[in-house]
Structure formats: C-alpha cells, structure tokens
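Peer 1: Here it is, the structure in full.
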C-alpha cells in the first residue's frame, strides 16, 4: 500500500506544479504560498476531525512536537522558495532541481537516521543527480 500512496503523492505533486505555475501568474509568490497553505490547512484539519484523529493531540510527546514544528518550518521555507522559483523560471527546469530533495534526503537519512546505503542506492542517487543536471543544462 505504501507504494500506491507514494505513487499517488508523485502524481499530486506533479499536478501541484502545473496548477501552481498557472495560478501564480500575476500573484505575489508569498501570497500564493499562503493561499495554498490555507487550503492545505483546511483539508488536513478536515480529515483529522472526520477521522477523530484530533483525540490523539494530548498524547504527542515534546520530542515529536519539536520535530513536527521543525518539519513544518522546513516545509514552509521549501514552499516559499518553490513558488518564487516557478514564478521566475520554467516549471520544467525548477521541478527537477526541486526533486534533488531525493538525493539530499538519502544523504541526510544516512547521516542522521543511520539508514543503510547499498550499491543500488548509491547508483540511484548518482543517476538522479546526473539526470537533474542533464535536464536543467
């Protein structure tokens, strides 16, 4: 099931890029990011309340709160940079660079989470990096 959800995430991310590029025309990129974030906020909290997940808020540890807040700050910074980048450049060039996050994530997972890198991961990471360079040059 995780694979299907990951694939759906990729499709929705692709749609996000296309819809955002069209929608951001003539709109301040920070305002566009805030509007998109508001929609995401409504959707996420709607799902939380529809599934009764809000009942677990009091059980969240201080450590989890800290890292969820840091994750939210990183997401916000990413979205602000992304929206400004697609406003200024071609989506077909911005998106591959944005997807270098895969490479950065794998390296950071190795360093901080001690996840294992095997030959396949190293080759795949190198190919993603090379593919990104090929697409944007």
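Peer 1: If I filter region 37-55 for residues that are within 17 Å of residue 13 (Cβ to Cβ) and either assigned by TED's automatic domain parsing to the domain that holds residue 129 or under 14 Å from the mean Cα position of the chain (by Cα) (or both), do I get at least one hit?
Peer 2: Taking every residue of region 37-55 in turn, at least one turns out to be within 17 Å of residue 13 (Cβ to Cβ) and either assigned by TED's automatic domain parsing to the domain that holds residue 129 or under 14 Å from the mean Cα position of the chain (by Cα) (or both).
Peer 1: For the condition in contact (Cβ under 8 Å) with a residue 60 or more places away in the chain and surrounded by 10 or more Cβ atoms within 10 Å (Cβ to Cβ), what is the one hit in 136, 107, 40, 95?
Peer 2: 95
Peer 1: Further, regarding this structure: Among the candidates 78, 71, 121, single out the residue that is closer than 23 Å to residue 38 by Cβ, surrounded by 12 or more Cβ atoms within 10 Å (Cβ to Cβ) and free of Cβ contacts under 8 Å to residues at least 24 places away in the same chain.
Peer 2: 78
Peer 1: Moving to a separate point now. What pairs come out if I take residues in region 1-19 that are at negative phi and at pLDDT 90 or above and pair them with residues that are surrounded by 11 or more Cβ atoms within 10 Å (Cβ to Cβ) and part of a helix (DSSP H, G or I) whose C-beta lies under 6 Å away, six or more apart or interchain?
Peer 2: Short answer, once both residue conditions are applied: 17/91; 17/95.
The values are calculated or read from the model by the stated rules, or taken from the named source; none is laboratory data. Computed from a predicted structure; not experimentally measured. All Cβ positions, glycine included, derive from the backbone under ideal geometry; neighbour counts span all protein chains shown.
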